[in-house]
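Worksheet: the structure to be examined is printed underneath.
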Amino acid sequence: LEAKEEFSHKTLAMDVMRPRRNDPSLTVITQDSMTVADIEAAITETTYSGFPVVVSRESQRLVGFVLRRDLIISIESARKKREGVVSTSRIYFTEHMPPQPPTSPPSLKLRSIMDLSPFTITDQTPMEIVVDIFRKLGLRQCLVTHNGRLLGIITKKDVLKHIAQMANQDPDSILFN
Ligand code: ADP
């Protein structure tokens, strides 16, 4: 019994979050350095429901979270309605437009579609607590950080899979249920 309890306490957010150790890194969007084409590539090359927005790839400082469907809608409508928005147009999530050469095509401000305070936990948070937070707050996803740097993501489905796995490994449920 004690061993079981120890086991369940030892699963941490870092054990459940994606990407896993040898997986390709998290697909992120930078706050002011990507073009329409860069973000369209992230959308077509992955199927994720959303993307963390960071200050820069080097810093991995989290600034927000943006949903895939909101990006698609906003880019599509900007390409249709807004004169001059093209593949090389810059997309920015900051308050102010990043400095650019005067010959650049018009850029696209998408700050309004970004969740400015996505729920965040550290990689050392016990999964028991993570499960509780997902239940109580009704989260769809949660971002994982270490020393302020973005490390990974846990979705509701990841949590449900983790719960199912725990139930399978629970000797009581195997022996007595
Ligand atoms: P769901 O978990 O409901 O299928 P997603 O399609 O968004 O939701 O995520 C699929 C898997 O990819 C999950 O295991 C999740 O942790 C992971 N994931 C989600 N968003 C990203 C991202 N931006 N970069 C890398 N992995 C991600």
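The values are calculated or read from the model by the stated rules, or taken from the named source; none is laboratory data. Bear in mind that the values here come from a model prediction, so they are computed numbers and not experimental data. Ideal geometry is used to build each Cβ from the backbone, glycine not excepted, and the neighbour counts take in all protein chains shown. Remember, those area values only see protein heavy atoms, side chains included, never the ligands or the DNA or RNA. Shrake-Rupley method; radii C 1.70, N 1.55, O 1.52, S 1.80 Å.
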Given (1) more than 14 Å from the ligand (Cβ to nearest atom); (2) among the small types (Gly, Ala, Ser); (3) closer than 30 Å to residue 36 by Cβ, number of the condition residue 152 does not satisfy
(1)
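Would a scan of the stretch 100-109 turn up a residue that is in contact with a helix residue (DSSP H, G or I) (Cβ under 8 Å, 6 or more places away or on another chain) and under 26 Å from residue 35 (Cβ atoms)?
Step one: list which residues in the stretch 100-109 are in contact with a helix residue (DSSP H, G or I) (Cβ under 8 Å, 6 or more places away or on another chain), which gives 108.
With under 26 Å from residue 35 (Cβ atoms) added as a condition, the list becomes 108.
Checked the stretch 100-109: at least one residue is in contact with a helix residue (DSSP H, G or I) (Cβ under 8 Å, 6 or more places away or on another chain) and under 26 Å from residue 35 (Cβ atoms).
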Filter the stretch 11-26 down to residues that are in contact (Cβ under 8 Å) with a residue 12 or more places away in the chain and open to solvent by 40 Å² or more (accessible area, probe 1.4 Å) and give me whichever is nearest to the ligand (Cβ to nearest atom).
18
Restricting the first residue to the stretch 59-76 and requiring it to be free of Cβ contacts under 8 Å to residues at least 40 places away in the same chain, which pairs with a second residue that is open to solvent by 60 Å² or more (accessible area, probe 1.4 Å) meet a Cβ separation below 6 Å and a spacing of at least six or different chains?
68/49
Picking from 136, 157, the residue that is open to solvent by 20 Å² or more (accessible area, probe 1.4 Å), at pLDDT 95 or above and over 27 Å from residue 47 (Cβ atoms) would be 136
Within the stretch 75-92, identify whether any single residue is within 16 Å of the chain's Cα centre (by Cα), modelled with pLDDT of 95 or more and of a type in the set (A, V, I, L, M), and answer yes or no.
no
Long-range neighbours under 8 Å by Cβ, at least six apart or interchain, first residue without any contact (Cβ under 8 Å) to a residue 12 or more places away in the chain within the stretch 88-105, second not in a loop (DSSP other than H, G, I, E, B):
100/90
